[in-house]
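For reference, the structure is listed below as structure tokens.
FYI, it's all coordinate maths here, none of it is from the lab. The model shown is predicted, which means the values in this text are computed figures rather than measured ones. Here Cβ is always computed from backbone atoms with ideal geometry, including for glycine, and neighbour counts include all displayed protein chains.
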Amino acid sequence: MREKPIAIQLIVTSKLAEGENRWLRNLTNDLRPEEARRLLREYGEHKKEPLYESIMDLIARANARTFQEVKEMYQALEELMKDELEDREQRGIEKGVEKGIEAMIRAFRNLNITEGEICRQLQKECHLSEEAARQYMSRG
């Protein structure tokens with residue numbers, strides 16, 4: 001009995017162009033940490049796509065030690081920057097609150113509500129002192 005030939009294709013991943021074939025090229029168990037970081041950044045943009053999820057899972061399993069090193073490095077960096085990140089977050093919250101108060105003032109003015117009533121409402125709803133409420137109102 002004669003056996004039928006099986007068609008196969010060999011891909012030499014090290015010969016693939018790096019940018020065009022990043023995901024295929026990194027189907028290896030010898031991934032460098034800098035490439036793992038690059039893959040994680042790119043994966044973040046496509047993590048809802050099933051094909052990216054599947055290939056990332058394969059690469060991560062084959063390179064568990066490298067990804068663990070990268071994860072630990074990110075955690076250490078995050079810990080080093082913790083105070084700065086918290087400060088940025090707090091400034092963002094404060095800026096959002098300011099924008100909300102300014103929008104509230106505009107809305108009240110558009111409804112022809114008196115300045116005194118606007119000030120009282122800001123004090124009540126935003127927990128502002130009378131002075132702070134008046135400062136917001138004087139901005140615009």
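What to note about this one:
- Theoretical ellipticity at 222 nm over the chain - DSSP helices of four or more residues, -39500 (n - 2.57) apiece, nearest 500: -23000 deg cm²/dmol
- Ratio of Rg to Rh over the chain (Cα coordinates, Kirkwood Rh, two decimals): 1.36
- Region 1-60: radius of gyration and largest Cα-Cα distance (Dmax), Å: 15.1, 53
- 10 °C / 1.306 mPa s Stokes-Einstein diffusion coefficient of region 83-139, Kirkwood radius on C-alpha pairs, µm²/s: 132 µm²/s
- Inter-site label distance for LEU40 and ARG2 at 7 Å from Cα along Cβ, in nm: 5.5 nm
- The charge dipole of the chain, taken about its Cα centre with unit charges on the Cβ of Lys, Arg, Asp and Glu (plus for the first two, minus for the last two), comes to roughly 640 debye.
- Of ALA36, SER14, ILE118, farthest towards positive along the dipole that unit charges on Lys, Arg, Asp, Glu beta carbons give the chain: SER14
- Placing R0 at 30 angstrom, the Cβ-Cβ distance between GLU125 and LYS47 gives a FRET efficiency of 0.20 after rounding to 0.05.
- Using Cβ point charges alone (K and R +1, D and E -1), the dipole size of region 83-139 about the Cα centre works out to roughly 440 debye.
- Whole-Hz Karplus values for region 33-39 come out as x, 5, 6, 4, 5, 4, 5 Hz, taken residue by residue from phi with 6.51 cos²θ - 1.76 cosθ + 1.60 and θ = phi - 60°; glycine and proline positions read x.
- Couplings for region 40-52, taken from phi via the Karplus curve 6.51 cos²θ - 1.76 cosθ + 1.60 with θ = phi - 60°, read 4, 4, 5, 4, x, 7, 10, 5, 7, 8, x, 5, 5 Hz in order; Gly and Pro are left as x.
- Our estimate of slack between VAL12 and LEU27, defined as 0.36 nm per intervening residue step minus the Cα-Cα distance, is 4.3 nm.
- Under 26 Å of direct C-alpha separation, and excluding same-chain neighbours fewer than eight residues apart, LYS99 reaches these lysines: LYS82, LYS124.
- Efficiency of FRET between GLU89 and GLU20 - r from beta-carbon atoms, R0 30 angstrom, step 0.05: 0.20
- Using θ = phi - 60° and Karplus 6.51 cos²θ - 1.76 cosθ + 1.60, couplings along region 54-68 (whole Hz; Gly, Pro as x): 5, 5, 5, 4, 4, 5, 5, 5, 6, 10, 3, 5, 4, 5, 5
- ARG109-LYS82 FRET efficiency (beta carbon distance; Förster radius 25 Å; 0.05 resolution): 0.05
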